[in-house]
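To start, the structure under review is shown below, and the notes come after it.
The values are calculated or read from the model by the stated rules, or taken from the named source; none is laboratory data. These numbers were taken from a predicted model, which means no experiment stands behind them. Using ideal geometry, Cβ is built from the backbone for each residue, glycine included, and neighbour counts are taken over all protein chains shown. Protein only, heavy atoms only, side chains kept; ligands, DNA and RNA dropped before computing areas. Shrake-Rupley method; radii C 1.70, N 1.55, O 1.52, S 1.80 Å.
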Amino acid sequence: MGKRMKSGLCAAVQILIVVLTVWSVGTMFFISGSGNMRVNRSVIFRYFTVDSNILCAASCVFSLIRTLRGNKAGGKAVMLFRYAGTAAVTVTMMTVLLFLGPLYGYDSMFSRWNLWLHLLGPILAIVSFVWLERDGTFPEKKHLMISMLPVIVYGVVYLVMVVMIGNDKGGWPDFYAFNRSGRWYLSYAAMLAGTALIGIVLAKLRRLHKG
(Lines give C-alpha, C1' and ligand atoms only; values in the text may rest on other atoms or scores of the structure.)
Protein backbone atom coordinates (compact mmCIF):
# COMPACT_ATOMS: atom_id res chain seq x y z
CA MET A 1 0.00 0.00 0.00
CA GLY A 2 1.36 3.43 -0.97
CA LYS A 3 2.26 5.95 1.70
CA ARG A 4 -0.39 8.45 0.54
CA MET A 5 -3.12 5.80 0.41
CA LYS A 6 -2.12 4.51 3.83
CA SER A 7 -2.21 8.04 5.27
CA GLY A 8 -5.65 8.65 3.74
CA LEU A 9 -7.00 5.36 5.10
CA CYS A 10 -5.57 6.18 8.53
CA ALA A 11 -7.30 9.56 8.55
CA ALA A 12 -10.58 7.97 7.43
CA VAL A 13 -10.42 5.35 10.20
CA GLN A 14 -9.63 7.95 12.85
CA ILE A 15 -12.46 10.22 11.68
CA LEU A 16 -14.80 7.22 11.87
CA ILE A 17 -13.62 6.49 15.43
CA VAL A 18 -14.22 10.10 16.49
CA VAL A 19 -17.63 10.45 14.82
CA LEU A 20 -19.09 7.13 15.98
CA THR A 21 -17.73 7.55 19.50
CA VAL A 22 -19.26 11.02 19.77
CA TRP A 23 -22.54 9.65 18.40
CA SER A 24 -22.57 6.65 20.77
CA VAL A 25 -21.61 8.58 23.90
CA GLY A 26 -23.87 11.49 22.98
CA THR A 27 -26.84 9.17 22.50
CA MET A 28 -26.15 7.52 25.84
CA PHE A 29 -25.84 10.89 27.59
CA PHE A 30 -28.97 12.54 26.19
CA ILE A 31 -31.23 9.50 25.75
CA SER A 32 -30.09 6.23 27.34
CA GLY A 33 -27.48 3.53 27.18
CA SER A 34 -28.28 -0.06 26.32
CA GLY A 35 -27.41 -3.58 27.41
CA ASN A 36 -25.31 -3.49 30.56
CA MET A 37 -25.22 0.33 30.54
CA ARG A 38 -28.88 1.40 30.71
CA VAL A 39 -28.08 4.80 32.17
CA ASN A 40 -27.85 8.36 30.94
CA ARG A 41 -26.54 11.82 31.81
CA SER A 42 -23.40 11.99 33.96
CA VAL A 43 -23.84 8.41 35.21
CA ILE A 44 -22.42 7.12 31.91
CA PHE A 45 -18.97 8.37 32.91
CA ARG A 46 -18.83 5.81 35.70
CA TYR A 47 -18.09 3.18 33.08
CA PHE A 48 -14.55 2.52 31.91
CA THR A 49 -16.07 1.62 28.54
CA VAL A 50 -17.22 5.19 28.04
CA ASP A 51 -14.11 6.80 29.48
CA SER A 52 -11.71 4.64 27.46
CA ASN A 53 -13.55 5.30 24.19
CA ILE A 54 -13.55 9.05 24.85
CA LEU A 55 -9.81 8.91 25.56
CA CYS A 56 -9.19 6.96 22.37
CA ALA A 57 -11.29 9.38 20.28
CA ALA A 58 -9.45 12.35 21.81
CA SER A 59 -6.11 10.79 20.89
CA CYS A 60 -7.37 10.34 17.33
CA VAL A 61 -8.26 14.05 17.19
CA PHE A 62 -4.67 14.98 18.11
CA SER A 63 -3.36 12.53 15.53
CA LEU A 64 -5.60 14.06 12.85
CA ILE A 65 -4.48 17.58 13.78
CA ARG A 66 -0.85 16.52 13.43
CA THR A 67 -1.62 15.00 10.02
CA LEU A 68 -3.27 18.21 8.84
CA ARG A 69 -0.16 20.12 9.93
CA GLY A 70 2.01 17.91 7.77
CA ASN A 71 3.33 15.66 10.54
CA LYS A 72 5.96 18.28 11.30
CA ALA A 73 6.17 18.05 15.08
CA GLY A 74 4.90 16.25 18.15
CA GLY A 75 5.11 12.75 16.69
CA LYS A 76 6.35 11.05 19.84
CA ALA A 77 3.83 12.76 22.14
CA VAL A 78 0.90 12.02 19.83
CA MET A 79 2.02 8.41 19.44
CA LEU A 80 2.13 7.96 23.22
CA PHE A 81 -1.33 9.50 23.56
CA ARG A 82 -2.57 7.07 20.93
CA TYR A 83 -0.78 4.26 22.80
CA ALA A 84 -2.68 5.06 25.99
CA GLY A 85 -6.01 5.44 24.17
CA THR A 86 -5.61 2.25 22.18
CA ALA A 87 -4.51 0.24 25.21
CA ALA A 88 -7.53 1.53 27.15
CA VAL A 89 -10.10 0.45 24.57
CA THR A 90 -8.28 -2.86 24.12
CA VAL A 91 -8.70 -3.44 27.87
CA THR A 92 -12.40 -2.65 27.42
CA MET A 93 -12.74 -5.15 24.58
CA MET A 94 -10.79 -7.96 26.24
CA THR A 95 -12.62 -7.51 29.56
CA VAL A 96 -15.93 -7.84 27.71
CA LEU A 97 -14.81 -10.86 25.69
CA LEU A 98 -13.19 -12.77 28.55
CA PHE A 99 -15.09 -11.70 31.68
CA LEU A 100 -18.19 -9.52 31.34
CA GLY A 101 -19.60 -11.35 28.30
CA PRO A 102 -19.66 -14.76 30.00
CA LEU A 103 -20.91 -13.13 33.23
CA TYR A 104 -23.72 -10.93 31.87
CA GLY A 105 -24.26 -12.33 28.37
CA TYR A 106 -22.86 -11.18 25.03
CA ASP A 107 -26.27 -9.96 23.87
CA SER A 108 -26.11 -7.31 26.58
CA MET A 109 -22.47 -6.47 25.85
CA PHE A 110 -23.04 -5.97 22.12
CA SER A 111 -26.50 -4.41 22.23
CA ARG A 112 -26.92 -1.39 19.91
CA TRP A 113 -24.09 1.15 20.35
CA ASN A 114 -22.39 -1.19 22.82
CA LEU A 115 -21.27 -3.07 19.71
CA TRP A 116 -19.19 -0.05 18.73
CA LEU A 117 -17.90 0.80 22.21
CA HIS A 118 -17.09 -2.77 23.20
CA LEU A 119 -15.88 -4.30 19.93
CA LEU A 120 -15.81 -2.45 16.61
CA GLY A 121 -14.25 0.79 17.89
CA PRO A 122 -11.47 -1.00 19.78
CA ILE A 123 -10.67 -3.20 16.77
CA LEU A 124 -10.36 -0.18 14.49
CA ALA A 125 -8.22 1.62 17.08
CA ILE A 126 -5.84 -1.34 17.23
CA VAL A 127 -5.61 -1.63 13.43
CA SER A 128 -4.93 2.08 13.15
CA PHE A 129 -2.28 2.18 15.88
CA VAL A 130 -0.31 -0.93 14.98
CA TRP A 131 -0.49 -0.67 11.19
CA LEU A 132 -1.76 2.58 9.70
CA GLU A 133 -0.04 5.05 12.05
CA ARG A 134 3.49 3.66 11.93
CA ASP A 135 5.65 6.70 11.28
CA GLY A 136 8.94 5.71 12.84
CA THR A 137 7.87 6.33 16.44
CA PHE A 138 7.39 3.35 18.71
CA PRO A 139 6.63 2.79 22.40
CA GLU A 140 9.67 1.76 24.41
CA LYS A 141 9.82 -0.34 27.57
CA LYS A 142 9.93 2.82 29.69
CA HIS A 143 6.58 3.87 28.18
CA LEU A 144 4.66 0.80 29.38
CA MET A 145 3.30 2.71 32.37
CA ILE A 146 1.66 5.19 29.97
CA SER A 147 -0.43 2.39 28.48
CA MET A 148 -1.43 1.31 32.00
CA LEU A 149 -2.21 4.76 33.39
CA PRO A 150 -5.95 4.87 32.44
CA VAL A 151 -6.58 1.54 34.19
CA ILE A 152 -4.51 2.53 37.23
CA VAL A 153 -6.41 5.79 37.67
CA TYR A 154 -9.83 4.26 37.01
CA GLY A 155 -9.03 1.36 39.34
CA VAL A 156 -8.34 3.76 42.20
CA VAL A 157 -11.60 5.64 41.55
CA TYR A 158 -13.56 2.37 41.32
CA LEU A 159 -11.99 1.17 44.58
CA VAL A 160 -12.97 4.36 46.40
CA MET A 161 -16.52 4.56 45.01
CA VAL A 162 -17.42 0.85 45.17
CA VAL A 163 -15.41 -0.57 48.08
CA MET A 164 -14.55 2.31 50.40
CA ILE A 165 -17.76 4.34 50.05
CA GLY A 166 -20.20 1.77 48.67
CA ASN A 167 -23.53 2.07 46.94
CA ASP A 168 -25.51 2.51 50.17
CA LYS A 169 -23.50 5.60 51.14
CA GLY A 170 -23.64 7.38 47.81
CA GLY A 171 -20.92 5.50 45.96
CA TRP A 172 -21.31 3.16 43.00
CA PRO A 173 -22.77 -0.33 42.72
CA ASP A 174 -20.26 -3.02 41.81
CA PHE A 175 -21.42 -3.08 38.17
CA TYR A 176 -18.23 -4.80 36.98
CA ALA A 177 -18.45 -7.45 39.72
CA PHE A 178 -14.80 -6.84 40.60
CA ASN A 179 -15.50 -6.98 44.34
CA ARG A 180 -17.33 -10.29 44.50
CA SER A 181 -16.68 -11.97 47.86
CA GLY A 182 -14.65 -8.90 48.82
CA ARG A 183 -11.78 -9.90 46.54
CA TRP A 184 -11.28 -6.54 44.85
CA TYR A 185 -7.51 -6.80 45.29
CA LEU A 186 -7.38 -9.91 43.09
CA SER A 187 -9.44 -8.18 40.40
CA TYR A 188 -7.22 -5.10 40.53
CA ALA A 189 -4.04 -7.18 40.28
CA ALA A 190 -5.48 -9.18 37.38
CA MET A 191 -6.53 -6.02 35.53
CA LEU A 192 -3.08 -4.45 35.97
CA ALA A 193 -1.36 -7.62 34.76
CA GLY A 194 -3.70 -7.89 31.77
CA THR A 195 -3.21 -4.23 30.91
CA ALA A 196 0.57 -4.58 31.06
CA LEU A 197 0.36 -7.55 28.68
CA ILE A 198 -1.83 -5.54 26.31
CA GLY A 199 0.64 -2.65 26.39
CA ILE A 200 3.53 -4.99 25.58
CA VAL A 201 1.68 -6.68 22.72
CA LEU A 202 0.57 -3.37 21.16
CA ALA A 203 4.15 -2.05 21.28
CA LYS A 204 5.53 -5.21 19.68
CA LEU A 205 2.87 -5.25 16.96
CA ARG A 206 3.59 -1.63 16.06
CA ARG A 207 7.27 -2.49 15.64
CA LEU A 208 6.58 -5.36 13.23
CA HIS A 209 7.64 -4.60 9.65
CA LYS A 210 8.70 -1.04 10.43
CA GLY A 211 7.62 1.62 7.96
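The table below gives the values:
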item	result
Tally of residues being surrounded by fewer than 18 Cβ atoms within 10 Å (Cβ to Cβ), touching a residue at least 40 places away in the same chain (Cβ under 8 Å) and either aliphatic (A, V, I, L, M) or not in a helix (DSSP H, G or I) (or both) across segment 83-119	4
All positions within segment 132-160 that are surrounded by 15 or more Cβ atoms within 10 Å (Cβ to Cβ), among the hydrophobic types (A, V, I, L, M, F, W, C) and without any contact (Cβ under 8 Å) to a residue 40 or more places away in the chain	LEU159
Test set (1) within 16 Å of the chain's Cα centre (by Cα); (2) open to solvent by less than 70 Å² (accessible area, probe 1.4 Å); (3) without any contact (Cβ under 8 Å) to a residue 40 or more places away in the chain; (4) farther than 19 Å from VAL151 by Cβ - VAL19 fails condition number	(2)
Of residues in segment 127-166 being among the aromatic types (Phe, Trp, Tyr) and within 17 Å of the chain's Cα centre (by Cα), the one nearest to THR86 (Cα to Cα)	PHE129
Top-ranked residue of segment 41-82 - restricted to ones that are within 20 Å of VAL22 (Cβ to Cβ) and among the polar types (S, T, N, Q), ranked as surrounded by the fewest Cβ atoms within 10 Å (Cβ to Cβ)	SER42
